[in-house]
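K.L.:
This is the structure, below, for whatever I ask next.
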Amino acid sequence: MISETIQIQQLLERIAALLRGERRNKLVELGLLPVQFDALCYLGECNRYSDTLMALCEYLGQTKGTVSQTLKVLEKKGLIERQADAKDKRVVHLKPSGAGLALLSELTQSPLLCALHAEHGVDTRLQGALTELLKQLQQANGGRAFGVCRQCRYNQSPAQGHFQCGLTGDALSEADTRLICREYEGND
C-alpha cells in the first residue's frame, strides 16, 4: 500500500510535469530554457528589494555564476534591463523589458489550466492547502519564503491606502504590496 505522503508527492510531481511540458514546448520555440523563464517570472513578480542578482540566486537556489549566465541570455534577447540603484550605485536592479513583460503575459498562465478553471472552477481550499504546503516545505528546507508584501508582518498601513515597510521604513505603493519580497516574514 502506498502511503498518503507518496501519493501526494506523485500527484504534485505529475501535475508539475504536465504544466512544465506545456510551457517547455513554447519555450523551445523561443529558444529559452525553463530556468531562464523562471528567472524572468521572478523578476516580473518581485519588488525593488528583491530584484537583484543575489535575491534571484536565493530564489532559484542556484550559484551566482549560473544565474549570471541566465541573465546574460535574457538581456541579449532583450527580455530584461539592468538599472542602477538611485541611492547606491553598486546595486543593480533587474527588470523585465517591454518584450519580457509581453512574454510573461503570454506564458505565465497555462492555457490548459485556464480552460479547466473556466469549465470547472477552482476549489479555494485546494489553493490554500497548496500555499500552506509550500510554506511548510520552504521552512523545513531552511529557505526564504519570498512571500507577498501585503501578507508580511513588516507591512504597515499608517493611513488608508498608504503603506510602509516596517523593516526599511520605505513608503510602498498599492502595487508594491502585491509583489513578492525576499525580506518577507509571515505573521506567525
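K.L.:
Does any residue of region 50-64 turn out to be loosely packed, with under 12 Cβ neighbours inside 10 Å, modelled with pLDDT of 90 or more, over 30 Å from Thr177 (Cβ atoms) and not aromatic (Phe, Trp, Tyr)? Break it down stepwise before answering.
P.N.:
In the first step, residues of region 50-64 are kept if they are loosely packed, with under 12 Cβ neighbours inside 10 Å; the result is 61, 63-64.
In the following step, the residues that additionally are modelled with pLDDT of 90 or more were identified as 61, 63-64.
Among the residues that remain, those that are also over 30 Å from Thr177 (Cβ atoms) are: 63.
Retained after the next criterion (residues that are not aromatic (Phe, Trp, Tyr)): 63.
Within region 50-64, one or more residues are loosely packed, with under 12 Cβ neighbours inside 10 Å, modelled with pLDDT of 90 or more, over 30 Å from Thr177 (Cβ atoms) and not aromatic (Phe, Trp, Tyr).
K.L.:
Please find, among Gly128, Gly98, the residue that is loosely packed, with under 14 Cβ neighbours inside 10 Å and modelled with pLDDT of 85 or more. Show your work before the answer.
P.N.:
Working: Gly128 fails: modelled with pLDDT of 85 or more.
Testing whether each residue is loosely packed, with under 14 Cβ neighbours inside 10 Å and modelled with pLDDT of 85 or more leaves just Gly98.
K.L.:
Looking at region 131-179, which of its residues are closer than 22 Å to Cys57 by Cβ, open to solvent by 70 Å² or more (accessible area, probe 1.4 Å) and in contact (Cβ under 8 Å) with a residue 24 or more places away in the chain?
P.N.:
Of everything in region 131-179, just one residue is closer than 22 Å to Cys57 by Cβ, open to solvent by 70 Å² or more (accessible area, probe 1.4 Å) and in contact (Cβ under 8 Å) with a residue 24 or more places away in the chain, namely Arg144.
K.L.:
Which residue is surrounded by the most Cβ atoms within 10 Å (Cβ to Cβ), if the candidates are limited to region 17-49 and must be closer than 27 Å to Glu183 by Cα and among the small types (Gly, Ala, Ser)? Please lay out each step first, then the result.
P.N.:
Restricting attention to region 17-49, the residues satisfying the condition of being closer than 27 Å to Glu183 by Cα are 34-49.
After this cut, where a residue has to be among the small types (Gly, Ala, Ser) as well, the list is 39, 44.
Values: Ala39: 26, Gly44: 19.
Filtering region 17-49 for residues that are closer than 27 Å to Glu183 by Cα and among the small types (Gly, Ala, Ser), the one surrounded by the most Cβ atoms within 10 Å (Cβ to Cβ) comes out as Ala39.
K.L.:
Of all residues in region 150-161, which are touching a strand residue (DSSP E or B) at 6+ places or on another chain (Cβ under 7 Å) and either at pLDDT below 85 or charged (D, E, K, R) (or both)?
P.N.:
Correct list: Ser157, Pro158.
K.L.:
Within region 56-105, can you find the residues that are acidic (Asp, Glu) and closer than 25 Å to Asp170 by Cβ?
P.N.:
Of region 56-105, the ones acidic (Asp, Glu) are 58, 75, 81, 85, 88.
Once the filter is applied, which keeps residues that are acidic (Asp, Glu) and closer than 25 Å to Asp170 by Cβ, region 56-105 yields Glu58, Glu81, Asp85, Asp88.
The values are calculated or read from the model by the stated rules, or taken from the named source; none is laboratory data. Just so it is clear, the model here is predicted, and its values are computed rather than measured. So basically every Cβ, Gly included, is an ideal-geometry build from the backbone, and we count neighbours across all protein chains shown. Ligands, DNA and RNA are excluded from the accessible area calculation, which covers all protein heavy atoms including side chains. Shrake-Rupley method; radii C 1.70, N 1.55, O 1.52, S 1.80 Å.
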